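Heads up: the structure comes next, in C-alpha cells.
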Amino acid sequence: MQMFEKLKKMFLGHSSNNVIESKAESVPKQVRYTMRTGEPVETDAVFDAWTSGDLAHMQGALAEKTNLVDRHFLLMSLVDQSYKHRKDDPELEKLCAEISEQHIQEFPEIKPALAKSLDGILPRVTTFQKYSTLLTEQNNFDRAIEVCEVAISHGLYDGTKGGFEGRIERIRRKAEKHRA
C-alpha cells in the first residue's frame with residue numbers, strides 16, 4: 001500500500017490526504033524550436049496559432065509581432081480556414097477577403113524572407129488563388145484578374161496546368177458570360 005501512495009503522489013501530485021501539491025515551480029517551461037533561415041529559432045505565439053489550425057486562435061495572434069515567415073503562414077492559414085467555410089458563413093467569407101487583401105499587401109515585404117528561408121524557392125501561396133476564386137464567385141472579375149496579375153508579378157504559381165495566366169483566361173470567360 002505504501003508503494004501505491006508514493007506512485008499516486010508522484011503522478012497525480014497529491015498525497016493520501018488528497019491535498020494537491022504544486023509542482024509548477026519545479027517543472028521548467030518547455031521550449032520549442034523551428035528552423036528559420038537555417039537556424040533554430042524559438043517558436044512564439046504566432047507559430048503556435050498558425051500550426052493550431054484553430055481560426056479563433058489564429059485571429060487572436062494577428063496583432064502579435066513575429067518573424068516574416070511565421071507572419072506569412074499565419075495569414076495564409078487564416079485565408080485557408082476561412083475560405084474552406086466561406087459558403088457556410090458570410091462572416092467567414094468577409095474574413096477571407098479581408099485577410100487575403102492584408103496578405104497581398106504585406107507580401108512584398110514577406111517575399112524576400114520567405115524565399116531566403118526556403119533556399120530561394122517560393123512555395124505555392126494559396127492566398128492568391130483562393131482569393132481570386134472568391135472574387136470570381138462574387139462577380140468581382142476585375143479584382144480577381146488583378147490578384148492573379150500580382151501573383152504573376154511575384155513569380156508565383158498556382159499549381160494548375162495553366163498557372164495564373166490560365167486562371168485569368170477562365171475568369172475573363174466567366175465575366176463575358178456574366179455580362180451576356
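The values are calculated or read from the model by the stated rules, or taken from the named source; none is laboratory data. None of the values given here were measured: they were computed from a predicted structure. A quick note on method: Cβ atoms are made from the backbone with ideal geometry, for glycine too, and the neighbour counts reach across all protein chains shown. Each accessible area value is taken on the protein alone, full model and side chains, heavy atoms only, with ligands, DNA and RNA left out. Shrake-Rupley method; radii C 1.70, N 1.55, O 1.52, S 1.80 Å.
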Matching residues, the stretch 102-112, being surrounded by 15 or more Cβ atoms within 10 Å (Cβ to Cβ) and closer than 30 Å to Ala175 by Cα: Gln102, His103, Ile104, Phe107
Could you list all residues from the stretch 149-169 that are closer than 16 Å to Thr126 by Cβ and touching an Asp or Glu at 6+ places or on another chain (Cβ under 8 Å)? Ala151, Ile152, Phe164, Arg167
Write out, first by first residue and then by second, each pair whose Cβ atoms fall under 8 Å of each other, whose residues are 6+ apart or on separate chains, and whose first residue, in the stretch 86-100, is open to solvent by 60 Å² or more (accessible area, probe 1.4 Å) while the second is in a helix (DSSP H, G or I) and of a type in the set (Asp, Glu). Lys87/Glu93
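Looking at Ala115, Ala151, which is the one that is assigned to a helix (DSSP H, G or I), hydrophobic (A, V, I, L, M, F, W, C) and surrounded by fewer than 17 Cβ atoms within 10 Å (Cβ to Cβ)? It would help to see each step written out before you state the result.
Details: Ala151 fails: surrounded by fewer than 17 Cβ atoms within 10 Å (Cβ to Cβ).
Just a single option satisfies the conditions, and that option is Ala115.
Restricting the search to the stretch 136-180, which residues are among the aliphatic types (A, V, I, L, M), closer than 26 Å to Ala115 by Cβ and touching a residue at least 24 places away in the same chain (Cβ under 8 Å)? Lay out the reasoning, then the answer.
In the first step, residues of the stretch 136-180 are kept if they are among the aliphatic types (A, V, I, L, M); the result is 144-145, 147, 150-152, 156, 168, 171, 175, 180.
From the residues that got through so far, the ones that are closer than 26 Å to Ala115 by Cβ too are 144-145, 147, 150-152, 156, 168.
Within the stretch 136-180, Ala144, Ile145, Val147, Val150, Ala151, Leu156 meet the criteria.
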Checking the condition among the basic types (Lys, Arg), open to solvent by 90 Å² or more (accessible area, probe 1.4 Å) and either part of a helix (DSSP H, G or I) or out of contact with any helix residue (DSSP H, G or I) (no Cβ under 8 Å at 6 or more places or on another chain) (or both), which residue from Arg124, Arg167 passes? Arg124
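If a residue must be part of a helix (DSSP H, G or I) and either among the polar types (S, T, N, Q) or open to solvent by less than 20 Å² (accessible area, probe 1.4 Å) (or both), how many such residues does the stretch 127-144 contain? Let's see the steps before the verdict.
We begin by selecting, within the stretch 127-144, every residue part of a helix (DSSP H, G or I); these are 127-137, 141-144.
The next check asks that each one be either among the polar types (S, T, N, Q) or open to solvent by less than 20 Å² (accessible area, probe 1.4 Å) (or both); those that pass are 127-129, 131-136, 141, 144.
Looking only at that region, the number is 11.
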Would you confirm whether or not the stretch 99-110 contains a residue that is under 15 Å from the mean Cα position of the chain (by Cα) and outside any helix (DSSP H, G or I)? no
So, in the stretch 23-55, of the ones that are open to solvent by 50 Å² or more (accessible area, probe 1.4 Å) and among the polar types (S, T, N, Q), which residue ends up modelled with the lowest pLDDT? Ser26
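What's the total number of residues in the stretch 63-72 that are surrounded by fewer than 20 Cβ atoms within 10 Å (Cβ to Cβ) and closer than 18 Å to Thr126 by Cβ?
Total satisfying the criteria: 1.
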For the list (1) open to solvent by 40 Å² or more (accessible area, probe 1.4 Å); (2) under 22 Å from Val41 (Cβ atoms); (3) assigned to a helix (DSSP H, G or I); (4) among the hydrophobic types (A, V, I, L, M, F, W, C), I need the number of the one condition that Met76 fails. (1)
Within the stretch 131-149, can one find any residue that is under 15 Å from the mean Cα position of the chain (by Cα) and closer than 24 Å to Ala56 by Cα? yes
